[in-house]
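The values are calculated or read from the model by the stated rules, or taken from the named source; none is laboratory data. Bear in mind that the values here come from a model prediction, so they are computed numbers and not experimental data. Neighbour counts are summed over all protein chains in view; Cβ atoms, including those assigned to glycine, are modelled from backbone coordinates with ideal geometry.
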Amino acid sequence: MSDKDVKESYERSTARMRGSGKAIGSQLSDEDYNEPDNHQDIHKKFKADYEKIEKSLSMEEVHKWQREHIEKKDQSIDGYPMNVIIDPAMREMYQVVNKADITNVFDRFSQQQPIQCKFCVEGLSCQLCANGPCRIHPKASRGTCGVDAHTMVARNFMYRHVTIGTSANIFHAQQAARTLKAAGEHSESGLKIRDGEKLKKFAEMAGLDSNKAIEQLAVDFANWVIDDIHRPYHLESEAVKAFAPEKRKKLWRKLGLFPGGGYSEVAYSQTQCMTNFNSDPIEFLLRSVRLGIANEYQGLFLLDILQEILMGTQEITKKKQNMGLLEKNMVNVITNGHMPLLAHVAIDLASSDEWQQKAKDAGADGIQILGHVCEGQQLMNYSGTHNTKGYGGQEGEWLSQEYLLATGVVDMFMFDYNCTVPTMPLFAKKFGTKLLSTHPVIKLQGTETLDFIPEKMKEQAQKALNKAIESFKERKQENKETYIPPYVSDCTVGFSTESVREALGGSFTPLIEQIANGNIKGIATIVGCTTARYGQGGSNIFKITKGLIENNILVLSGGCTSSVMQYTGLTDPKAAQEAGDGLKAVCEQLGIPPVLNYGACVDIGKMTQTAKEIADELDVDTNKLPLVIGAPEYLEQKAVADACTAIALGWLVHIAPVPSITGSDVVVKTLTETTEELGLGKVVVEMDAEKTVDIYVDHINKKRKELGLE
């Protein structure tokens with residue numbers, strides 16, 4: 001068959017499958033793809049104008065506007081996206097990018113309307129076999145294979161969300177374990193064991209001999225973690241045995257939810273999703289809860305512990321956030337993602353006189369590394385990184401990364417795993433930023449990728465910093481126009497199980513007393529992402545959080561929600577004035593804000609540990625606590641897996657936007673009612689901020705009554 005025959009065969013097959021002559025993909029041009037080499041004229045075509053934009057004034061005025069803005073309730077399609085963007089820096093840079101007609105996240109969301117698939121929204125579409133894609137509606141109530149709506153929705157929920165999210169968090173924990181092992185075995189790696197006491201504590205809980213030399217103990221604990229992750233699904237996880245609440249473990253065994261090794265659990269679950277395997281929707285949902293337990297104790301919880309051993313436990317302190325931390329004559333390095341393992345070694349190097357001098361020799365005032373998205377929240381909180389000379393602060397949430405590069409002063413954008421958007425090569429080419437992936441799990445078109453070799457992290461960090469300095473030289477030589485939005489937020493950070501307990505005098509009793517006397521009604525975690533949807537974009541998170549603290553509910557934040565809390569001033573102790581009288585009094589007494597920043601989305605693992613310790617002190621199961629888990633603008637698969645963790649621990653979980661489950665009343669009923677009847681938690685979906693606050697308050701009051709506090 002000739003090449004011409006092959007092409008014609010493709011075209012004939014396309015026409016037969018689609019019922020039309022041309023594939024949609026064949027109608028796209030080079031400009032519709034993210035390969036930077038296909039955009040040779042990018043500098044000529046897109047003109048960034050930093051003057052013709054509406055600029056804000058002081059942060060005090062910004063905070064006043066933010067509060068007036070959410071009261072107007074105008075975060076709808078009209079006026080989008082400026083009516084949902086409440087970060088002052090992002091507001092300015094969106095205008096720059098939009099007016100230059102450069103692709104960006106908010107404009108892409110608009111372009112997706114109204115072509116987004118309504119069947120997918122409800123979970124009623126399937127592409128698992130060659131008879132599809134199938135979509136279910138009243139005139140075609142089953143897929144070609146015979147699958148009904150209940151099974152299709154439940155299977156999509158587990159396959160498309162929970163298995164991916166669980167495997168991602170467990171993968172992260174495994175990489176952190178590899179890094180701890182390298183720290184114990186390879187002193188030349190640049191890695192350090194900064195919290196040896198934490199290592200001893202958790203190694204003892206794992207049943208290891210903590211009397212060994214700290215380096216050998218690091219190796220032993222790392223191997224224990226890796227071995228448990230790879231344990232077969234039919235053998236109970238040692239990590240769950242060691243770290244999960246005792247009362248929960250009894251329930252999980254009774255319900256058949258006690259997981260084995262995380263990777264094996266994911267493999268088992270994905271096997272169940274094969275076409276014509278499992279058709280029991282309840283099995284898919286309970287298996288999702290089982291994955292949620294593995295997600296926590298072999299993923300979130302362990303990766304938090306491992307990273308803190310390497311980088312230092314969170315420490316309550318004051319830091320700064322937003323794009324105003326960039327400096328035109330500094331070598332500006334942004335580190336993005338969730339796994340700051342190479343980044344913290346690079347910060348160590350950048351803090352040395354040697355590397356600061358290298359930057360000065362290139363004509364800069366110095367070199368600084370700033371964190372972005374969850375990686376930035378972690379670096380801002382860890383005691384081993386946030387007080388070093390090479391650390392510059394935290395930049396923002398995932399929605400802001402394209403706009404961040406549009407400032408023209410980011411010399412390097414290094415990224416690990418996840419939340420680096422596919423268009424970054426185009427922005428890097430346009431605005432002169434060097435891109436560097438620090439883990440092969442994430443690759444972008446036309447971008448260099450480092451292998452992940454913990455034993456060689458110092459060498460790899462040196463390479464990254466040298467590339468950043470070279471990029472600065474090019475920027476200075478070209479002397480292109482740049483602009484830095486002048487906004488910086490003051491924020492108190494570094495809250496964790498340990499730092500909160502220490503601030504309370506070594507016990508959670510003072511916090512429990514404040515909950516008992518009603519000054520603090522309960523606790524809400526506002527965690528996860530931000531989305532580009534109408535009514536969201538950070539504004540929904542802000543509205544909900546404001547309503548909660550006004551009702552004397554203490555808020556813990558983690559993930560991109562933490563950036564929202566920071567640029568709206570809610571992590572500044574001054575925000576105590578906006579809380580209800582009881583919470584305000586507690587915050588003023590302790591000198592803390594009404595929103596405690598726990599860090600990244602993965603630091604949900606630390607929030608569950610805080611809840612466990614409070615429950616242990618009260619001698620109750622975790623499902624008895626006056627606690628709500630909220631993800632008011634969840635984005636991706638890890639958030640859904642985390643929701644399953646919360647269900648396993650017995651908590652009410654609020655999710656918005658609505659996940660793809662509404663196509664089955666059985667799935668909805670199971671997740672919103674039946675799970676609670678089994679002693680687990682349940683899901684609530686609500687888009688309206690005021691109604692959401694009412695749901696949180698009512699649930700917390702219900703739990704207070706059950707504890708005899710009302």
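Results, tabulated for the structure shown:
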| quantity | calculated |
| --- | --- |
| Neighbours by Cβ (under 6 Å, 6+ apart or cross-chain): first from region 283-296, farther than 13 Å from E265 by Cβ; second polar (S, T, N, Q) | L285/T670 |
| P632 vs. criteria free of Cβ contacts under 8 Å to residues at least 60 places away in the same chain and crowded, with 22+ Cβ neighbours inside 10 Å | no |
| Near pairs, Cβ below 6 angstrom, 6+ apart or cross-chain, from region 563-578 (more than 15 Å from I316 (Cα to Cα) and in the same structural domain as K546 (by TED's automatic domain parsing)) to any residue that is modelled with pLDDT of 95 or more and of a type in the set (K, R) | A576/K584 |
| Residue satisfying all of: in region 471-480; touching a residue at least 40 places away in the same chain (Cβ under 8 Å) and not in a loop (DSSP other than H, G, I, E, B); surrounded by the fewest Cβ atoms within 10 Å (Cβ to Cβ) among these | E478 |
| Residue ID - nearest to P485 (Cα to Cα), chosen from residues in region 74-91 that are in a loop (DSSP other than H, G, I, E, B) and in contact with an Asp or Glu (Cβ under 9 Å, 6 or more places away or on another chain) | D87 |
| Evaluation of H43 against (1) closer than 18 Å to T407 by Cα; (2) modelled with pLDDT of 75 or more (one fails), failing number | (2) |
| Subset of region 92-118 [among the acidic types (D, E), surrounded by fewer than 19 Cβ atoms within 10 Å (Cβ to Cβ) and part of a helix (DSSP H, G or I)] | D107 |
| Evaluation of S383 against (1) surrounded by fewer than 20 Cβ atoms within 10 Å (Cβ to Cβ); (2) of a type in the set (S, T, Y); (3) under 17 Å from A461 (Cβ atoms); (4) at pLDDT below 95 (one fails), failing number | (3) |
| Single unsatisfied condition, D49 versus (1) outside any loop (DSSP other than H, G, I, E, B); (2) more than 28 Å from the chain's Cα centre (by Cα); (3) acidic (D, E) | (1) |
| Any hit, region 565-577, residues being out of contact with any strand residue (DSSP E or B) (no Cβ under 9 Å at 6 or more places or on another chain), more than 30 Å from N418 (Cα to Cα) and not in a strand (DSSP E or B) | yes |
| Residue count, region 127-163 (criterion: among the hydroxyl-bearing types (S, T, Y) and either surrounded by 20 or more Cβ atoms within 10 Å (Cβ to Cβ) or assigned to a helix (DSSP H, G or I) (or both)) | 3 |
| Lone unmet requirement of (1) crowded, with 16+ Cβ neighbours inside 10 Å; (2) within 26 Å of the chain's Cα centre (by Cα); (3) without any contact (Cβ under 8 Å) to a residue 40 or more places away in the chain for V225 | (3) |
| Boolean, T531 is in contact with a Ser or Thr (Cβ under 8 Å, 6 or more places away or on another chain), closer than 30 Å to V658 by Cα and buried (at least 19 other Cβ atoms within 10 Å of the Cβ) | no |
| Boolean, S489 is buried (at least 24 other Cβ atoms within 10 Å of the Cβ) and within 19 Å of N597 (Cβ to Cβ) | yes |
| Any hit, region 447-458, residues being aromatic (F, W, Y) and either under 26 Å from S563 (Cα atoms) or assigned to a helix (DSSP H, G or I) (or both) | no |
| Residue check, A516 more than 22 Å from G580 (Cα to Cα) and among the aliphatic types (A, V, I, L, M) | no |
| Condition check for K430: farther than 23 Å from I309 by Cα, crowded, with 21+ Cβ neighbours inside 10 Å, touching a residue at least 12 places away in the same chain (Cβ under 8 Å) and not hydrophobic (A, V, I, L, M, F, W, C) | yes |
| Number of the condition not met by V667 [criteria: (1) touching a residue at least 60 places away in the same chain (Cβ under 8 Å); (2) closer than 20 Å to M565 by Cβ; (3) part of a helix (DSSP H, G or I)] | (2) |
| Residue check, G363 part of a loop (DSSP other than H, G, I, E, B), surrounded by fewer than 24 Cβ atoms within 10 Å (Cβ to Cβ) and either in contact with a Phe, Trp or Tyr (Cβ under 9 Å, 6 or more places away or on another chain) or modelled with pLDDT under 95 (or both) | yes |
| Selected residue (only one of A468, A461 is of a type in the set (A, V, I, L, M), within 21 Å of A359 (Cβ to Cβ) and touching an Asp or Glu at 6+ places or on another chain (Cβ under 6 Å)) | A468 |
| For E673: the one exception among (1) touching a residue at least 24 places away in the same chain (Cβ under 8 Å); (2) surrounded by fewer than 23 Cβ atoms within 10 Å (Cβ to Cβ); (3) in contact with a strand residue (DSSP E or B) (Cβ under 9 Å, 6 or more places away or on another chain); (4) assigned to a helix (DSSP H, G or I) | (1) |
| Flag for E315 being surrounded by fewer than 22 Cβ atoms within 10 Å (Cβ to Cβ) and at pLDDT below 95 | yes |
| Near pairs, Cβ below 7 angstrom, 6+ apart or cross-chain, from region 614-628 (over 11 Å from H699 (Cα atoms)) to any residue that is of a type in the set (S, T, Y) | A615/T622; E617/T509 |
| Some residue of region 590-604 being crowded, with 23+ Cβ neighbours inside 10 Å, within 20 Å of S496 (Cβ to Cβ) and out of contact with any strand residue (DSSP E or B) (no Cβ under 7 Å at 6 or more places or on another chain) | yes |
| Given (1) of a type outside the set (S, T, N, Q); (2) touching a residue at least 12 places away in the same chain (Cβ under 8 Å); (3) surrounded by fewer than 20 Cβ atoms within 10 Å (Cβ to Cβ); (4) within 28 Å of G580 (Cβ to Cβ), index of the condition K702 fails | (2) |
| Selection from region 196-216 of residues that are under 30 Å from L291 (Cβ atoms) and free of Cβ contacts under 8 Å to residues at least 40 places away in the same chain | K201, A203, E204, M205, A206, G207, L208 |
| Any hit, region 602-613, residues being in the same structural domain as L570 (by TED's automatic domain parsing), at pLDDT 95 or above and outside any helix (DSSP H, G or I) | no |
| One residue from G376, G396, G366, G371 being within 20 Å of M90 (Cα to Cα), assigned by TED's automatic domain parsing to the domain that holds L342, free of Cβ contacts under 8 Å to residues at least 40 places away in the same chain and among the small types (G, A, S) | G371 |
| Considering residues of region 481-538 that are assigned to a helix (DSSP H, G or I) and without any contact (Cβ under 8 Å) to a residue 24 or more places away in the chain only, the residue nearest to S557 (Cα to Cα) | E502 |
